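Shown next, in structure tokens, is the structure this report addresses.
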Amino acid sequence: MERFRFQSFRVYHDAKEYCRFCRDIVRSHLEKADRSLADQIARALNSIVLNIAEGSADLSDAEFGRFLGISIRSVYETVAGFDLGMLYGYIEKDSFEIVENRAHALVKQLASFRQRLK
């Protein structure tokens, strides 16, 4: 039984999976090489999921949509962070492309969910 509204959303669970996948890359490739970049990506990853949850508490669909927009921007931030990681030689292009593809799918899902709220 789900106690909170956000727990019933597929996008919430998919966002958590994206975060878990990306955190594994951060831990294995970035934390030792560049702690600052690793921390920034980790904060952005957390923001994706936490803003879905926080926005779902609002009774206003417009306000919830605003929080979903923040989640989308946080996904973009993670992609840029991993792009920097690739530029700096911390991660391989193949790993970046997997992150990028997963991020693209998640952004589409978040945007579609936000559009349904309007």
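Identify all lysines with a Cα-Cα distance to residue 118 below 17 Å; exclude those on the same chain that are fewer than 8 residues away in sequence.
Within the straight-line limit of under 17 Å, residue 118 reaches these lysines: 108.
Mind checking which aspartates and glutamates have their C-alpha under 18 Å from residue 32, skipping anything on the same chain fewer than 8 residues away?
The reachable aspartates and glutamates, counting only those whose Cα sits under 18 Å from residue 32, are 24, 83, 92.
Read phi for every residue in segment 57-66 and hand back ³J(HN,Hα) as whole Hz from Karplus 6.51 cos²θ - 1.76 cosθ + 1.60, θ = phi - 60°, with x for Gly and Pro.
Whole-Hz 3J(HN,Hα) from phi for segment 57-66: 6, 6, 7, 8, 5, 4, 5, 4, x, 4.
Just from its helices, what would the mean residue ellipticity at 222 nm be for the chain, if runs of 4 or more DSSP H residues each count -39500 (n - 2.57) and the sum is divided by every residue, rounded to the nearest 500 deg cm²/dmol?
Working: 4 runs with 90 residues, N = 118.
It comes out at -26500 deg cm²/dmol, rounded to the nearest 500.
How would 9, 64, 21 line up from fewest to most surrounding beta-carbon atoms within 10 angstrom? List each step's numbers first, then the result.
Values: 9 17, 64 22, 21 13.
Going from sparsest to densest Cβ surroundings: 21, 9, 64.
Can you work out the Karplus-derived ³J(HN,Hα) for every residue in segment 36-42? Use 6.51 cos²θ - 1.76 cosθ + 1.60 with θ = phi - 60°, whole Hz, and x for glycine or proline.
4, 5, 4, 5, 5, 5, 4
Indicate the gyration tensor shape class of the chain (rounded, prolate or oblate), computed on the Cα atoms with a ≥ b ≥ c the square roots of the eigenvalues: a/c under 1.5 is rounded; otherwise a/b larger than b/c is prolate and the rest oblate. Walk me through the numbers before you get to the answer.
Values: a/c = 2.33, a/b = 2.09, b/c = 1.12.
Cα axes put the chain in the prolate bin.
Using the Cα centre of the chain as the reference point, and only Cβ charges (+1 on K/R, -1 on D/E), how large is the resulting charge dipole? Debye, rounded to the nearest 20. Working shown, then result.
Working: 18 positive and 17 negative charges, 69 e Å.
Rounded to the nearest 20 debye, it is 340 debye.
Read the figures in this text as sums done on the coordinates, not as results from a lab. The model shown is predicted, which means the values in this text are computed figures rather than measured ones. Cβ atoms come from the backbone with ideal geometry, glycine included; neighbour counts cover every protein chain shown.
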